[in-house]
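**Student:** Provided herewith is a single structure, encoded as structure tokens, for subsequent inquiry.
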Amino acid sequence: MRMVKKYRENGMEELINKKKPGNSLSKYSNKKTLTKEEQLEYENIIGYDWNTTRPFEKIVSDTTSFYFKKQKYDWTFYIDVFNNRVVRKLNSSFIKVIKA
């Protein structure tokens, strides 16, 4: 009921959550300034050729980082392109307090 009342009084803009990250009206900003190392660009040596003839010819990695209860976690998986098997997985956590 409260949302309907807000919509009737002020229109669609009233329904937008202004505190939600990613919203252009938000007080938060998710823009990250990159370090010099992060700005480096590397040559694409695979060249979109994912065909392999033997195991361990091409290894790729995937990293995911997230925060949970004010602690940062990183998951890294190394995958063999030949058979799509996970060759190695690393789980690391870094204690870091997030300032709200």
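Here, each number is a calculation from the coordinates, and none is a lab measurement. Predicted model, so just to flag it, every value in this text is computed and none were measured. Every residue, glycine among them, receives a Cβ derived from its backbone with ideal geometry; neighbour counts consider all protein chains shown.
**Student:** Counting Lys +1, Arg +1, Asp -1, Glu -1, what net charge surrounds Tyr78 among other residues with beta carbon under 12 Å of its beta carbon?
**Tutor:** +2
**Student:** Provide the net charge surrounding Ser92, with neighbours chosen by a C-beta distance below 11 Å and charges set as Lys +1, Arg +1, Asp -1, Glu -1.
**Tutor:** +1
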